[in-house]
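Enquirer: The structure follows.
The values are calculated or read from the model by the stated rules, or taken from the named source; none is laboratory data. The structure presented is a predicted model; accordingly, all values stated were derived computationally and were not measured. Heads up, the Cβs are rebuilt from the backbone with ideal geometry, glycines too, and the neighbour counts pull from every protein chain shown. Please note that ligands, DNA and RNA were not included when accessible areas were found on the heavy atoms of the full protein model with its side chains. Shrake-Rupley method; radii C 1.70, N 1.55, O 1.52, S 1.80 Å.
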Amino acid sequence: MLLFLNNIIRYQVVTFFAICLLSFSMAGETYKISGIVLDFKTKKPIKDVNVYIEETSFGTITNEEGYFSLYLNNQFDNSIDLNIKMIGYKQEYIHIDLSKTKIDLGEIFLKTQLLELDIIHIHAHENKLNQISDITLSGQELNNSIRGNLATTLFNQPNIGINSFGTIASKPVLRGYSNDRFLLAKDGNKTGDLSQSSIDHAIALDMTEINRIEIIRGPRALIYGSNAIGGVINTTINGNPKVKVDKLYKKVMLGGQSFNRGMYGNIILYIPIKSNQLNISINNRKTDDQTSPIGKLENTYSTTSNYKLGFTRYNKSSYINFIIENLNMDYGIPPSSEGHINGVDIGLIKNTSQINYHQDISLYDFYQFEVKYNFIDYEHKEFENNNSSYEVALLKKTHNFKIEFESSYSIFGSELNYKRFLPKGSYLTPDTDEFELSLYGFYEKKFNNFNLLSSFRLGGVSIRPIQSLDNQEIRNRNFNYFSSSLGFMKVINNFEINTWVMNAMRPPSIEELYSKGPHLGTYSYEIGEPDLELEKTCGIESSIRYNVNPLDVSVTTFYNYSPYYYQMNKVGECGELTLEECRTEGFIKGGMSSGGWLYKYQAKGIESLIKGLEFNLNYSYQNFKIIYDFSLVRGNDLTNESYISYMNPDKQIFIV
């Protein structure tokens, strides 16, 4: 089986590079579209107007004289739809016949309208080639779905489950994948917390600052990281430098929740100052213990505060942005007779500093260049309930540097990541440095009858303990990985077909290698495995969609095989043994709290298979609408002939 998989991986690598070379060689003649955008009443030019081609990621903005020009190659069909959009003006659409290579649209007049702030992406262009299984929530749909955390906000989407230790410590599970097997991003950057390392660690994200959520699958997911087999959850945040306003914008939001007597408030200010803009965001949330049909759930309180200040300098074809942010969270984990009988209190602090630089360029087919630096100082502390001294502290300092080039059909970039992991208290994991360098690329080619998508991520990780714990097993580890994906999209009349394959690799985390200590929130004593190797997964997804008004129906299947899939497994079960006998067998760790004890868990590698199905039906006619979703996932531990934990339950959603 391993030889077979190695042959598949070699075939994918060769195929990927062959397709890239073939696609680049097929680039044909270039079209130029130009024009001047003017105010309908004053007849004066309008600068910084967004001009982009419908259903592509290609676009530009007007200059000081209102002039714009677009260059595109023959990947487009015989005609395109051009969108012209500017805050404070009515959006215009122009249908263009590509029978000529040079098209001058002349003067284009925009009429003013009452200002309704919309997120206008300055110097940015969205990719429209989504998979059928991709999910996007924004605008009113997001407002209707928004909850106190990301997991419950996404819960009504197909094949998304919840791992929960209370409202705050709830995290989504994508198609049975949790922890580091899917990526969680904030404005395209990893969140920099430890939420993916353990079920009790909260996601360091304030839901009141989110204005868009995307779940991305297929080749495009590898732009965000190598371990994207489960997908990517990317959130877009208020205060993004790509949002520019012409006059003061303010937003105030207040609300509450009855089941936990919660209250929250949010203030957002966008302040334009000539060619600069100041963004201010203040968010606060407080909840008491949750109530349920069986009574109050003890120690499920939470308090959250988030303060963010951003400054952006906009130039003719570039901008530079600075952001500082402080997030504080305090929340409780309910008590357990098998661990901490009074519950656990957790404190989280995350300080972030960012620099973002964007430049419009004309280099071969690339039209934009971005540089991003992100520093995150993260601190997670665990206390026995009502105790002022922490039992466990997990500190992490992350430096991330990224450069990226983008064209209308490709993205290429490089990312350097440095982390210093500093555990304290009873957690005996050594202080550790982690270095990661990666190169990545995404390429899409539009043929006459279908679209071809491909991507790769090539990188290396070096994990170096900097503190000796007199344990010979704790040593430096180095990992090299190559993840790749190839996708196919085709439309036949009212049918759309998507399929993609992915080879994903994931190095083990510091905690999975070297953990040795209690995790109070999960009531476990975790032990790492220094000999873990790369986790590898080969997956395939296929979808078909039928869309003709008023009916939209789709079916998606996925199948993911991993010859080496690791997870924390319980060392042993006490069963009918006494506590002393169980401790002697090495199954539990006692004396971790007053009257408490913890089961031991250790990271182990297994052979696994995860597969599933998603069915969606949407019928909308006049004022009548029906939505039906059905999804299932199955996870098999092939090594132990058992099942994998944390699989989503079968789900049916019916909305009229």
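Enquirer: Considering only residues that are β-branched (Val, Ile, Thr), crowded, with 17+ Cβ neighbours inside 10 Å and part of a strand (DSSP E or B), which ones fall in region 618-656? Let's see the steps before the verdict.
Expert: So in region 618-656, the residues β-branched (Val, Ile, Thr) come out as 626-627, 633, 639, 644, 653, 655-656.
Subset that is crowded, with 17+ Cβ neighbours inside 10 Å: 633, 644.
Listed by number, the list holds a single entry, Val633.
Enquirer: Only residues that are open to solvent by less than 20 Å² (accessible area, probe 1.4 Å), more than 29 Å from Gly343 (Cα to Cα) and of a type in the set (Ser, Thr, Tyr): list them for region 355-400, please.
Expert: Answer for region 355-400, where residues must be open to solvent by less than 20 Å² (accessible area, probe 1.4 Å), more than 29 Å from Gly343 (Cα to Cα) and of a type in the set (Ser, Thr, Tyr): just Thr398.
Enquirer: Could you count how many residues in region 327-353 are within 23 Å of the chain's Cα centre (by Cα) and without any contact (Cβ under 8 Å) to a residue 60 or more places away in the chain? Reasoning before the result, please.
Expert: Within region 327-353, the subset within 23 Å of the chain's Cα centre (by Cα) is 327-329, 348-353.
In the following step, the residues that additionally are without any contact (Cβ under 8 Å) to a residue 60 or more places away in the chain were identified as 328, 349, 351, 353.
Counting residues in region 327-353 that are within 23 Å of the chain's Cα centre (by Cα) and without any contact (Cβ under 8 Å) to a residue 60 or more places away in the chain gives 4.
Enquirer: Shifting gears a bit: Looking at Lys274, Lys316, which is the one that is over 27 Å from the mean Cα position of the chain (by Cα), without any contact (Cβ under 8 Å) to a residue 24 or more places away in the chain and farther than 19 Å from Lys381 by Cα?
Expert: Exactly one of Lys274, Lys316 is over 27 Å from the mean Cα position of the chain (by Cα), without any contact (Cβ under 8 Å) to a residue 24 or more places away in the chain and farther than 19 Å from Lys381 by Cα, namely Lys274.
Enquirer: What number of residues within region 497-530 are open to solvent by 40 Å² or more (accessible area, probe 1.4 Å) and modelled with pLDDT under 90?
Expert: 2
Enquirer: Restricting to region 557-583, count the residues that are part of a strand (DSSP E or B) and either of a type in the set (S, T, N, Q) or open to solvent by 80 Å² or more (accessible area, probe 1.4 Å) (or both).
Expert: Pass one, region 557-583, residues part of a strand (DSSP E or B): 557-570.
Checking which are either of a type in the set (S, T, N, Q) or open to solvent by 80 Å² or more (accessible area, probe 1.4 Å) (or both) leaves us with 557, 559-560, 562, 567, 569.
Looking only at that region, the number is 6.
Here is a yes/no grid of residues against (1) in contact with a Leu (Cβ under 9 Å, 6 or more places away or on another chain); (2) open to solvent by 40 Å² or more (accessible area, probe 1.4 Å); (3) in contact (Cβ under 8 Å) with a residue 40 or more places away in the chain; (4) over 30 Å from Ile333 (Cβ atoms):
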residue	(1), (2), (3), (4)
Leu222	no, no, yes, yes
Asn240	no, no, yes, yes
Val245	yes, no, yes, yes
Gly256	no, yes, no, no
Asn284	no, yes, no, no
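Enquirer: Still on this structure, I have one more. Name the residue, out of Glu404, Glu473, Glu415, that is charged (D, E, K, R) and crowded, with 20+ Cβ neighbours inside 10 Å. Steps first, please.
Expert: Numbers: Glu404 fails: crowded, with 20+ Cβ neighbours inside 10 Å; Glu473 fails: crowded, with 20+ Cβ neighbours inside 10 Å.
Just a single option satisfies the conditions, and that option is Glu415.
Enquirer: Could I ask something else about it? So which strands (runs of 3 or more DSSP E) stay within region 78-131 end to end and still have 2 or more residues that are modelled with pLDDT of 70 or more and open to solvent by less than 30 Å² (accessible area, probe 1.4 Å)? Before you say what the answer is, go through the steps one by one.
Expert: Values: elements: 79-85, 92-97, 102-110.
Correct list: 79-85, 102-110.
Enquirer: Are any of the residues in region 438-460 surrounded by 13 or more Cβ atoms within 10 Å (Cβ to Cβ), modelled with pLDDT of 95 or more, closer than 14 Å to Ser509 by Cα and hydroxyl-bearing (Ser, Thr, Tyr)?
Expert: No, region 438-460 contains no residue that is surrounded by 13 or more Cβ atoms within 10 Å (Cβ to Cβ), modelled with pLDDT of 95 or more, closer than 14 Å to Ser509 by Cα and hydroxyl-bearing (Ser, Thr, Tyr).
Enquirer: I'd like to know if region 295-302 contains one or more residues that are without any contact (Cβ under 8 Å) to a residue 24 or more places away in the chain and either of a type in the set (D, E, K, R) or surrounded by 17 or more Cβ atoms within 10 Å (Cβ to Cβ) (or both).
Expert: At the first step, the residues of region 295-302 found to be without any contact (Cβ under 8 Å) to a residue 24 or more places away in the chain are 295-296.
Those still in the list that are either of a type in the set (D, E, K, R) or surrounded by 17 or more Cβ atoms within 10 Å (Cβ to Cβ) (or both) too: 296.
Yes; the residues of region 295-302 include at least one that is without any contact (Cβ under 8 Å) to a residue 24 or more places away in the chain and either of a type in the set (D, E, K, R) or surrounded by 17 or more Cβ atoms within 10 Å (Cβ to Cβ) (or both).
Enquirer: Check region 418-427 and report whether any residue there is farther than 30 Å from Lys589 by Cβ and open to solvent by less than 50 Å² (accessible area, probe 1.4 Å).
Expert: If we filter region 418-427 for residues that are farther than 30 Å from Lys589 by Cβ, which is where we start, we get 418.
Of the ones still in play, those that are also open to solvent by less than 50 Å² (accessible area, probe 1.4 Å) are none.
Looking through region 418-427, none of the residues is farther than 30 Å from Lys589 by Cβ and open to solvent by less than 50 Å² (accessible area, probe 1.4 Å).
Enquirer: Looking at this structure, is Glu512 of a type in the set (Asp, Glu) and assigned to a loop (DSSP other than H, G, I, E, B)?
Expert: Values: of a type in the set (Asp, Glu): yes; assigned to a loop (DSSP other than H, G, I, E, B): no.
Criteria not met by Glu512.
Enquirer: On to the next question. For region 146-200, how many residues are among the hydrophobic types (A, V, I, L, M, F, W, C), at pLDDT 80 or above, more than 23 Å from Tyr523 (Cβ to Cβ) and in contact with a helix residue (DSSP H, G or I) (Cβ under 6 Å, 6 or more places away or on another chain)?
Expert: Of region 146-200, the ones among the hydrophobic types (A, V, I, L, M, F, W, C) are 146, 150-151, 154-155, 160, 162, 165, 168-169, 173-174, 182-185, 194, 199.
Imposing the further condition that a residue be at pLDDT 80 or above reduces the set to 150-151, 154-155, 160, 162, 173-174, 182-185.
From what is left, the residues that are more than 23 Å from Tyr523 (Cβ to Cβ) are 150, 154-155, 160, 174, 182-185.
This time we only want the ones that are in contact with a helix residue (DSSP H, G or I) (Cβ under 6 Å, 6 or more places away or on another chain), so: none.
Result for region 146-200: 0.
Enquirer: Return the pair list, or none, for Cβ contacts closer than 7 Å from residues in region 414-428 that are farther than 13 Å from Ile510 by Cβ and basic (Lys, Arg) to residues that are modelled with pLDDT of 90 or more and crowded, with 16+ Cβ neighbours inside 10 Å, at least 6 apart or on different chains.
Expert: Lys424/Leu395
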